[in-house]
Amino acid sequence: MPEISSSRTGRYDAVVVGAGFGGMYMLHRLREQGLSVRVFEAGSGVGGTWFWNRYPGARCDVESVDYQFSFSEELLREWTWTERYPAQAELLAYLNHVADRFDLRRDIQLNTRVTGATFDEDTQFWQVETDGGDRISATYVVMATGCLSVPRTPSFTGLQDFAGATYHTSSWPHEGVDFTGKRVAVIGTGSSGIQSIPLIAEQAEQLTVFQRTPNHSVPAGNHALDADEQREGVERFAEKRRYATGTFTGLTLPDTGLLANESTPEQRDAVYEERWRQGGLAMYGAFADMLVDEKANATAHEFFSAKIHEKVADPEVAEKLTPRGYPFGGKRICVDTNYFETFNRDNVTLVDLHAEPIERITPGGIVAGGREHAVDAVVFATGFDAMTGALLAMDIRGRDGRALQETWAAGPRTYLGLAVAGFPNMFLVTGPGSPSVFSNMIVSIEQHVDWITDAIERLRADGVRLMEADPKAEDAWVAHVNEVADSTLLPRANSWYVGANVTGKPRIFMPYLGGVGPYRQRCDEVAAQNYDGFQLVG
Ligand code: NA7
């Protein structure tokens with residue numbers, strides 16, 4: 001067992017960056033293997049995404065029964081979910097319970113941001129540095145830094161002169177915000193905007209929503225779980241999770257397997273209606289050709305357009321809220337409670353930024369299309385530097401001192417989304433090139449963490465010092481990821497999947513669209529073939 005030190009300097013078998021779902025499970029698994037592990041977490045608590053995103057209405061768009069760990073039967077049985085879709089506070093409570101239940105906290109250093117990690121060719125250790133002055137060396141480094149963890153606030157002219165309060169949905173004050181009697185602006189209508197807008201509208205005196213791109217959103221149909229549902233959630237969990245690991249998205253709702261193009265308009269409507277009634281992400285499984293064929297995709301658009309016009313009283317507002325000009329599914333569909341209905345309220349105004357772009361922010365409001373909207377507070381629901389943001393925020397250097405920032409200058413390149421050529425013994429949890437955000441994250445996180453744990457166990461058993469992606473295998477994987485993405489309509493949207501929301505970010509479709517089931521199979525085959533595509537140096 002290597003020397004263990006509790007702070008500042010020392011040598012560990014593994015450093016894990018991040019203490020969300022991924023980092024905590026990684027710690028648990030590696031510790032089970034007898035490794036010494038240090039986890040660094042920038043937040044003042046564990047929970048990752050669910051620690052930071054505390055805005056009103058913050059809720060997971062995957063059902064609670066599916067969005068939980070599967071590795072412990074005891075954990076499953078002792079935790080009770082109260083709602084169909086878990087609210088942020090409940091998820092954070094669950095993750096804190098996990099931290100206590102598995103005694104994880106003693107190896108997690110909070111309030112500490114990793115600033116850099118350098119592979120030392122001579123010693124073959126990683127040197128990890130933090131903003132707290134820690135200098136730790138480790139054999140393995142695992143980046144469990146999250147896919148949506150670096151918030152983006154656009155640089156609007158005049159923002160620094162705004163006299164009121166500003167908030168970002170992903171770094172919401174822990175004590176909450178009271179908007180009573182206030183005129184509030186929300187900029188952004190992705191998932192965070194769509195979830196928070198109905199609740200802010202109920203509290204604020206006036207709410208002005210600044211929308212650049214309308215989104216597809218399906219009612220959640222959220223409700224409190226009754227005792228039978230809770231019992232069934234536990235009893236059927238193993239069977240459902242087994243099923244989920246083989247599906248396209250890692251979710252449990254079966255795909256219909258039907259083709260929109262081969263269905264009559266009546267059959268299509270019936271399927272869409274049924275999926276709409278089921279609520280949430282079930283919509284993705286409506287038709288197999290929806291995400292790959294323009295004509296089929298257009299039928300989903302038509303369905304949403306009709307629903308929005310049904311819900312929103314003013315046809316002009318309904319039209320502005322209707323997504324156009326990009327494929328359905330090209331931006332992650334949202335799951336809401338009363339979103340479209342909120343625009344029927346007298347105290348809510350919608351500003352369509354395509355017709356009236358934001359010109360500047362003044363001390364008292366926002367000027368868009370030549371009109372000033374007076375506001376006391378601005379909420380930025382403007383999203384994240386997704387998937388690569390957190391990795392590239394650190395100065396990660398592999399062989400020959402080569403920086404990851406340089407290696408990925410033209411976009412992220414990985415082997416299986418798990419490893420990067422030139423960066424030995426560094427592993428990514430749900431990295432670009434894996435299903436990640438296009439899947440049930442918990443299913444994908446557990447698969448990655450288990451795969452990484454098995455790999456490390458094997459390296460140690462065989463006395464192999466370094467594991468490194470082969471550049472040729474990486475090239476082939478990148479080509480495959482791109483080919484699969486290009487066989488769908490998804491890359492056509494200006495989404496965060498392709499980095500379009502960050503100026504200057506290379507346009508690459510980052511999640512792997514081959515499906516959670518086939519992807520897992522591929523990873524298992526690679527492992528079974530003595531880590532095919534990896535160089536193992538003894
Ligand atoms: P998203 O989905 O990236 O949404 C961000 C929103 O902010 C989106 O509507 C953007 O419009 C808008 N935005 C971004 N920059 C600007 C500027 N400069 N001006 C006006 N509007 C802007 O982030 P969320 O936090 O809502 O959700 C992220 C994920 O978390 C979500 O997909 C779920 O998986 C959970 P755009 O579409 O870029 O035109």
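The values are calculated or read from the model by the stated rules, or taken from the named source; none is laboratory data. Quick caveat: nothing in here was measured; it's all calculated off a predicted structure. A quick note on method: Cβ atoms are made from the backbone with ideal geometry, for glycine too, and the neighbour counts reach across all protein chains shown. Calculation scope for accessible area: heavy atoms of the full protein, side chains included, ligands and nucleic acids excluded. Shrake-Rupley method; radii C 1.70, N 1.55, O 1.52, S 1.80 Å.
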ask   = Inside the stretch 114-211, counting only strands (runs of 3 or more DSSP E) that do not spill past its ends, which hold 3 or more residues that are at pLDDT 95 or above and within 16 Å of the ligand (Cβ to nearest atom)?
value = 165-168, 183-187, 206-211
query = Does Arg520 qualify as being within 22 Å of the chain's Cα centre (by Cα) and in contact (Cβ under 8 Å) with a residue 40 or more places away in the chain?
reply = yes
task = Within the stretch 279-325, count every residue that is in contact with a strand residue (DSSP E or B) (Cβ under 8 Å, 6 or more places away or on another chain) and part of a loop (DSSP other than H, G, I, E, B).
result = 1
request  = Take the stretch 341-361 and flag every residue that is under 16 Å from Ala204 (Cβ atoms) and of a type in the set (Lys, Arg).
outcome  = Arg345
key: Count of residues meeting criterion [open to solvent by 10 Å² or more (accessible area, probe 1.4 Å) and either within 13 Å of the ligand (Cβ to nearest atom) or free of Cβ contacts under 8 Å to residues at least 60 places away in the same chain (or both)] in the stretch 358-380   = 7
key: Top-ranked residue in the stretch 300-353 [being within 16 Å of the ligand (Cβ to nearest atom) and of a type in the set (D, E, K, R); ranked as farthest from Ala260 (Cα to Cα)]   = Asp352
